[in-house]
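J.: First the structure, then my questions, so here it is.
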Amino acid sequence: MTPWSTSRRRATLPRNWATLRRRVIRRDGSQCTARHSDGTRCPEPGTDVDHIVPHSLGGSDDMSNLALLCPWHHRAKSGSEGGRAAALTRVSTHRPRQSHPALDD
């Protein structure tokens with residue numbers, strides 16, 4: 001089972017996605033554009049076209065918002081975005097701290 005088999009994301013991509021994807025791959029030289037902590041570019045081949053700013057946060061399908069990532073960097077970025085999105089909708093279950101009745105004045 002591939003991630004695309006359970007995702008509705010493909011239906012939201014523009015009609016010319018295949019053309020945009022090819023342009024991004026060509027523009028980025030078929031190499032991942034992610035940077036390591038020392039500033040060097042990831043040497044892995046790029047296979048995944050990623051939205052720098054996701055649609056859910058107002059990102060577009062414009063070339064300036066698309067980047068080529070290797071599978072590892074794409075999973076890491078997508079995972080962190082999913083975690084942040086889930087945190088925004090999570091309901092707090094913390095109860096206010098109560099003192100013991102015997103200690104109240």
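J.: In Å and on Cα atoms, what radius of gyration and Dmax does the chain show?
T.: Considering the chain through its Cα atoms, Rg and Dmax are 20.6, 73 Å.
J.: Follow-up. Show the residues, 5+ positions off or on another chain, whose built amide H is closer than 5 Å to the amide H of Leu66.
T.: Counting only residues 5 or more places away or on other chains, the set is Ile52.
J.: Please determine, in degrees from 0 to 90 and to the nearest 10, the orientation of helix 17-27 with respect to the longest principal axis defined by the Cα atoms of the chain, where the helix direction is its Cα long axis.
T.: That helix lies at roughly 80 degrees to the long axis.
J.: Next question, about the same structure. Report the residue, chosen from Ser37, Ser78, Ser64, that carries the largest GNM mean-square fluctuation when the chain is represented by alpha-carbon nodes joined by springs under 10 Å.
T.: Greatest mean-square fluctuation among the candidates belongs to Ser37.
J.: Related question: About the Cα centre, and with charges only on the beta carbon of Lys, Arg (+1) and Asp, Glu (-1), how big is the dipole of the stretch 7-105? Nearest 20 debye, please. List each step's numbers first, then the result.
T.: Values: 17 positive and 10 negative charges, 113 e Å.
That gives the stretch 7-105 a dipole magnitude of about 540 debye.
FYI, it's all coordinate maths here, none of it is from the lab. These figures come from a predicted structure and were not determined experimentally. Glycine gets a Cβ as well: all are built from the backbone with ideal geometry, and neighbour counts include every protein chain shown.
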